[in-house]
Amino acid sequence: MPSDRRLYVGPSLRRIRRERGLTQSDMAADLDISPSYIALLERNHRPLSAEVLLRLAQTYSIDLSTLSGDGPADDRARLQSALKDPIFADIDLPSLETADVATNFPGVVEAFLRLYTTYQEEHLALADRGVDGVEAADPVAEARRFLAARRNSFPSLDHAAERLAQSIGEHDSLAAYLKAKHDLRVRRVPPKVMVGSTRRLDYHRRQILLDDELDHASQTFQLALQLAYLELRQQIAAVLKEGVFATENGERLAHRALAGYSAAAILMPYSAFARAVEARRYDIEALARQFGASFEQVAHRLTTLQKPGQEGVPFFFIRVDAAGNVSKRLDGAGFPFARHGGGCPLWNLHQAFRTPRQIVTQWLELPDGQRFFSIARTVTAGGGGFGRPRVERAIALGCAAEHAGRLIYTQHRPEPTADEVTPIGVTCRLCHRTDCTARSAPPIGRQILPDDNRRTSAPFGFSDS
């Protein structure tokens, strides 16, 4: 570092402090400086001296490059991403001014981003409320709103998981790392020993027990999940603290989702995964083999590639059972999921059960003209032995049509013909395609015609008024 260069590290220093769950006073005591000096450093009102820089590295065992790295750039990218919201469309916001604000006023940027995230959560909450404006307590909806408001992207967890993955790489395996770092032995035992569990941490005997009927990808994920609970607890808690939850169950579901996010980030570190994704053109099966993960784990991880400045294709993700019940839903592509009622039967997600474990693709068009490209396939949970219960579900991963050309699944036809696009609706009650023969209910606001003298080929006939 040249002697005449001043090092301003506000956002990076703040991230390091929060990842360790420290207050400004705690860090000041650790570094033998005043809390006010920490506050000035974090606001970029003072440059970091060489003496304090070395003290930071020694006290917290950090790589000096992390201080002069992506912190300010991350904040600038996050701010620029938020300012793309249509609500700001009529305001002239030059990128140079945005960069100046991010560099010189990190506290203002953080305040704005917190407020913007809160606005997004409230916007999503309004969509869930009924006509009377009263919202029943729904923990699942709370957790989904928490994730959707942040586009299922948590850069702080990705940073922490990436560093952890580097440490794991110095050992032969996750099991070897857990033994060396936490003195925990991994044992794979029969289901009768697990008594209904797939993973159990036995502190007394210093061991992690895994159901030996889990497949390899599931066993590896469970170990990564346990490691996330052991080493990334503070980082997960810091992210969770940003949310507002009306129910304890909603908060617990969000906490579980963040732990799963962290586990996937450990197994598929952001930078390496993002490079592989582009090299393989989003080939889910090939990526699953490269990273030793399952099809569903990779599809889920693809929805998280929205780190500002390093964005991948924005995807939505949904998982349903054969009855159409939604057990997981994530939206990073602006797809208008039905919040109540069933989905559209014309979407081949619901027909994937006819061709188990085969990928089916489809171009979709909503009534408002929006087009999406969908990839669907069945996945199986459970099993592993004769007579063991299995659960068959179908998952779909999709993106806006404008991004579909980046996927390997469209390499032979990046643009669909008119006949290749399937017109679908969000749900029958909100779809006004009157000639749809798959309709199960009339749309809201349309008058049904009597069928005394005439029966239409569609389930309902409607008045023109």
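The values are calculated or read from the model by the stated rules, or taken from the named source; none is laboratory data. From a predicted model like this one, the values you see are computed outputs, not experimental measurements. Counting neighbours? That spans all protein chains shown, and the Cβs are built from the backbone with ideal geometry, glycine included. With ligands, DNA and RNA removed, areas are computed over all heavy atoms of the protein, side chains included. Shrake-Rupley method; radii C 1.70, N 1.55, O 1.52, S 1.80 Å.
All but one of (1) surrounded by 11 or more Cβ atoms within 10 Å (Cβ to Cβ); (2) out of contact with any strand residue (DSSP E or B) (no Cβ under 9 Å at 6 or more places or on another chain); (3) part of a loop (DSSP other than H, G, I, E, B) hold for ARG446; state the number of the condition that does not hold.
Here ARG446 clears every test but (2).
Among the residues of region 248-261, how many are open to solvent by less than 30 Å² (accessible area, probe 1.4 Å) and over 10 Å from the mean Cα position of the chain (by Cα)?
Matching residues across region 248-261 total 3.
Here's the yes/no breakdown for (1) modelled with pLDDT under 80; (2) open to solvent by 70 Å² or more (accessible area, probe 1.4 Å); (3) aromatic (Phe, Trp, Tyr):
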site	(1), (2), (3)
LEU13	no, no, no
ILE16	no, no, no
PRO35	no, no, no
LEU40	no, no, no
ASP92	no, yes, no
GLY107	yes, no, no
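Filter region 331-377 for residues that are buried (at least 20 other Cβ atoms within 10 Å of the Cβ), of a type outside the set (A, V, I, L, M, F, W, C) and assigned to a strand (DSSP E or B) and give the result.
ASP331, GLN362, SER374, ARG377
Could you check ALA238 against (1) small (Gly, Ala, Ser); (2) more than 19 Å from the chain's Cα centre (by Cα); (3) part of a helix (DSSP H, G or I) and say which number it fails?
Every listed condition holds for ALA238 apart from (2).
Of everything in region 274-290 that's farther than 16 Å from VAL379 by Cβ and not aliphatic (A, V, I, L, M), which residue is surrounded by the most Cβ atoms within 10 Å (Cβ to Cβ)?
Here the answer is TYR282.
Taking region 164-220 as the search range and keeping residues that are charged (D, E, K, R), in a strand (DSSP E or B) and closer than 26 Å to PHE295 by Cα, which one is least open to solvent (accessible area, probe 1.4 Å)?
Going through the qualifying residues, I end up with ASP211.
Say whether the condition of being buried (at least 18 other Cβ atoms within 10 Å of the Cβ), in contact with an Asp or Glu (Cβ under 8 Å, 6 or more places away or on another chain), in a helix (DSSP H, G or I) and not basic (Lys, Arg) is met by at least one residue in region 228-235.
yes
Restricting attention to region 14-44, report how many residues are outside any helix (DSSP H, G or I) and either within 34 Å of the chain's Cα centre (by Cα) or of a type in the set (Val, Ile, Thr) (or both).
7
From the list VAL360, VAL313, VAL320, pick out the single residue that is farther than 18 Å from ALA161 by Cβ and modelled with pLDDT under 95.
Answer to the check: VAL320.
Show the residue pairs meeting these rules: Cβ distance below 9 Å; 6+ apart or different chains; first residue within region 139-160 and of a type in the set (Ser, Thr, Tyr); second residue part of a helix (DSSP H, G or I) and open to solvent by 30 Å² or more (accessible area, probe 1.4 Å).
Going by the 9 Å Cβ cut-off, the qualifying pairs are SER156/ARG15; SER156/ARG18; SER156/ALA238.
What are the pairs with Cβ atoms under 6 angstrom where one residue, in region 77-90, is in a loop (DSSP other than H, G, I, E, B) and the other, located anywhere, is surrounded by fewer than 16 Cβ atoms within 10 Å (Cβ to Cβ)? Sequence gap at least six, or different chains.
Close Cβ pairs (under 6 Å, with a partner that is surrounded by fewer than 16 Cβ atoms within 10 Å (Cβ to Cβ)) amount to LEU83/LEU93.
Would you call THR380 hydroxyl-bearing (Ser, Thr, Tyr) and either in contact with a strand residue (DSSP E or B) (Cβ under 7 Å, 6 or more places away or on another chain) or at pLDDT 95 or above (or both)?
So THR380 passes the test.
Name the residue, out of ARG319, ARG406, ARG393, ARG377, that is closer than 23 Å to CYS431 by Cβ, under 22 Å from the mean Cα position of the chain (by Cα) and of a type in the set (Lys, Arg).
Criteria check complete, one pass: ARG319.
Please work out if PRO155 is crowded, with 19+ Cβ neighbours inside 10 Å and not small (Gly, Ala, Ser).
Yes; evaluated as a whole, the condition is true for this residue.
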